[in-house]
Amino acid sequence: MDVTEKSAPIRIDVKDLRKSFGAFAALDGVSFTVQPGELLALLGPSGSGKTTLLRAIAGLSPAEQGTIHFNDEDATTLSLRERRVGFVFQHYALFRHMTVFDNIAFGLRVRPRRERPAESEITQRARRLLEFVQLGGLEKRFPAQLSGGQRQRVALARALAIEPNLLLLDEPFGALDAKVRKELRAWLKDVHRETGLTTLFVTHDQEEALELADRVVIMRNGRIEQIGTPSEVYEEPATPFVCEFLGNVSKFDCTIRDGEAEVAGSLFPVGEENGLNGPGVAYVRPHEFEIVIDEHGEGLPATVKSVRPFGPTVSVELVLAGRDGPIEIAVPRELIGLGDVQPHRVVHIRATAARIFAAG
């Protein structure tokens, strides 16, 4: 396999997948399609079913009901080996007694004799992959002699060595520190672009999913809450859970009347086609507020609790009368003089955008 050439990607069709552990439904009727060559994120909190779903697709933990098709072939009838899945685990799962080179070559060397490439071809493929994952010259080292980021690169090279039909990654960066995670995210995006493989990765990191994925599957309690592009799920969350899960939000009770609702000092239209009327709940993100220094300005009066400059924004924590707990606002640094916003000062805030749902 020339890792610089794109392989023919496959489509994955998952239909009504179900799997239980005792009385716990880990997968409860999951259905979706992964387009050929797509980079898809499975995102959700712990226990949402995302790793169970990934392992079912791989054949590591078959589902009890439902079907999985690779293109037009029923993968549920295929063995783990026949599915030809490249799987990358969170904690690498490298063989500690093997060198980097032997770890990468392992999947090829254990194939049945009639399917096993010649040793010269295995050597050539492993060397190409070492260069591809930027580990050339480290082939004689053992996993314990590598950094976490390097070990994860070895794990990915091993997964690619078998010329997989698709690539599955389970929390691939979860065991790494923040700086290395960010570096490897960009690298994984390049790997996906180079290989063209249909790729699914599990994560509970919202930023990671939104940064890397073509589309995001958001899961909760064994079911899919929403599927969409990063922009769609962030800007147009389908449920309150999605809205709250994707980043920091402030929650406000409101009343929906005649297609409108007042939220944090501003009036917002609510689509009449949604049939919403009566009690509602609104969500506003930190950057969707404006702050007014004038104590007699329009909006909600609020007392500044703390001011934390960070990069191009200023994070302002405020306390609103009659509300439990503070709210956080992100204000562009150039729009506010830090001298005008100090702890204990009273200001006014207004929401500039809101996502509104029926209460309950």
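The values are calculated or read from the model by the stated rules, or taken from the named source; none is laboratory data. Note that the structure is predicted; figures quoted are calculated from it, not measured. All Cβ positions, glycine included, derive from the backbone under ideal geometry; neighbour counts span all protein chains shown. Each accessible area value is taken on the protein alone, full model and side chains, heavy atoms only, with ligands, DNA and RNA left out. Shrake-Rupley method; radii C 1.70, N 1.55, O 1.52, S 1.80 Å.
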Original post:
Cα-based Rg (one decimal) and Dmax (whole number) for the range 276-330, in Å?
Top reply: 12.9, 41
Original post:
Using DSSP loop states and a limit of at most 11 other Cβ atoms within 10 Å to flag trypsin sites (Lys or Arg not before Pro), what is the longest stretch of the chain containing no flagged site?
Top reply: 141-360
Original post:
Among PRO230, PRO45, PRO332, which one shows the biggest mean-square fluctuation in a GNM of the chain, springs joining Cα atoms closer than 10 Å?
Top reply: PRO332
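Classify the range 180-318 from the C-alpha gyration tensor, please: rounded if a/c falls under 1.5, else prolate or oblate depending on whether a/b exceeds b/c. Don't jump to the answer; show the numbers that get you there.
Numbers: a/c = 2.95, a/b = 1.48, b/c = 2.00.
Because a/c hits 1.5 or more and a/b fails to exceed b/c, the range 180-318 counts as oblate.
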Subject >> Along each principal axis, Cα extent of the range 36-102, largest first, Å >> reply: 40, 31, 26
Subject >> Estimated [θ] at 222 nm from DSSP helical runs (n ≥ 4, -39500 (n - 2.57)) normalised by residues in the chain, nearest 500 >> reply: -7000 deg cm²/dmol
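Let's see if you can work this out: charge +1 on each Lys and Arg Cβ, -1 on each Asp and Glu Cβ, no other charges. What is the dipole magnitude of the range 27-123 about its Cα centre, in debye to the nearest 20?
On the way: 11 positive and 11 negative charges, 92 e Å.
Using only the charged Cβ atoms, the result is roughly 440 debye.
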Original post:
How compact and how long is the range 127-249, expressed as Rg and Dmax of its alpha-carbon atoms in Å?
Top reply: 16.3, 51
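In Å², and per residue, what accessible area does the chain have when probed at 1.4 Å with the other protein chains present?
Details: 17530 Å² over 360 residues.
Computed with neighbouring chains in place, this is 49 Å² per residue.
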Original post:
So between ARG116 and ASP340, what do we pick up on full extension, going 0.36 nm a residue minus the alpha carbon distance?
Top reply: 73.5 nm
Subject >> Segment LYS182-ASP16, extension gain: residue separation times 0.36 nm, minus the distance between their alpha carbons >> reply: 56.3 nm
**OP:** Can you tell me the dipole magnitude for the chain around its Cα centre, using point charges on the Cβ only (Lys, Arg +1; Asp, Glu -1), in Debye to the nearest 20?
**Re:** 2120
**OP:** Report, ordered by chain and residue number, the lysines lying within cross-link reach of LYS19, taken as a straight Cα distance under 29 Å and ignoring same-chain residues fewer than 8 apart.
**Re:** LYS50
**OP:** Run through all the Cα pairs of the range 237-326 and give the fraction in each 5 Å bin from 0, expressed as whole percent.
**Re:** 3, 11, 19, 23, 20, 14, 7, 3, 0
**OP:** Would you mind telling me the share, in percent, of accessible area of the range 186-242 contributed by carbon and sulfur at probe 1.4 angstrom?
**Re:** 44
**OP:** Per residue of the range 86-99, in order, report the coupling 6.51 cos²θ - 1.76 cosθ + 1.60 (Karplus, θ = phi - 60°) as ³J(HN,Hα) in whole Hz, putting x for Gly and Pro.
**Re:** x, 10, 10, 8, 4, 9, 6, 6, 7, 7, 5, 8, 10, 6
Original post:
Given Cα pairs under 8 Å that are at least 6 residues apart, what percent is the relative contact order of the range 183-265?
Top reply: 16
**OP:** May I ask which residue of VAL263, GLN342, LEU168 lies farthest towards the positive end of the charge dipole of the chain, with charges of +1 (Lys, Arg) and -1 (Asp, Glu) on Cβ and the Cα centre as origin?
**Re:** LEU168
**OP:** Choose one of PHE142, THR303, GLY278: the residue whose Cα lies farthest towards the positive end of the charge dipole of the chain (beta-carbon charges +1 Lys, Arg; -1 Asp, Glu; about the Cα centre).
**Re:** PHE142
Subject >> the range 309-360 and the range 201-227: distance between their alpha carbon centers, rounded to Å >> reply: 28
Subject >> Bins of 10 Å from zero: percent of alpha-carbon pairs in the chain >> reply: 5, 20, 25, 21, 15, 10, 4, 1, 0
Original post:
Pick from LEU197, LEU27, LEU320: which residue has the top mean-square fluctuation in a GNM of the chain where Cα pairs under 10 Å get a spring?
Top reply: LEU320
**OP:** Measure nothing but the geometry: give the 0 to 90° angle between the long axis through the Cα atoms of 178-195 and the longest principal axis through the Cα atoms of the chain, rounded to 10°.
**Re:** 60
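What FRET efficiency comes out for ASN71 versus GLU194 if R0 is 30 angstrom and r is the Cβ-Cβ distance? Round to the nearest 0.05.
0.85
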**OP:** Using only the alpha-carbon atoms of the range 72-206, report the extent along each of the three principal axes, biggest first, to the nearest angstrom.
**Re:** 44, 38, 26
Subject >> Selected from VAL110, VAL30, VAL216 as most flexible by GNM, with the chain as the system and alpha-carbon contacts under 10 Å >> reply: VAL110
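When a/c reaches 1.5 or more, the comparison of a/b and b/c decides; with that in mind, is the range 1-87 rounded, prolate or oblate per its Cα gyration tensor?
Judged from the Cα gyration tensor, the range 1-87 comes out prolate (a/c at least 1.5, a/b above b/c).
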Original post:
How many percent of DSSP beta bridges within the chain run antiparallel, rounded to 5?
Top reply: 75
Subject >> Contact order normalised by residue count of the chain, Cα under 8 Å, 6+ apart, percent >> reply: 17
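Going by a ≥ b ≥ c, the root eigenvalues of the Cα gyration tensor, does the range 237-279 fall in the rounded group (a/c under 1.5), the prolate group (a/b larger than b/c) or the oblate group? All intermediate terms of the calculation are to be shown ahead of the outcome.
Details: a/c = 2.41, a/b = 1.45, b/c = 1.66.
Note, shape of the range 237-279 comes out oblate.
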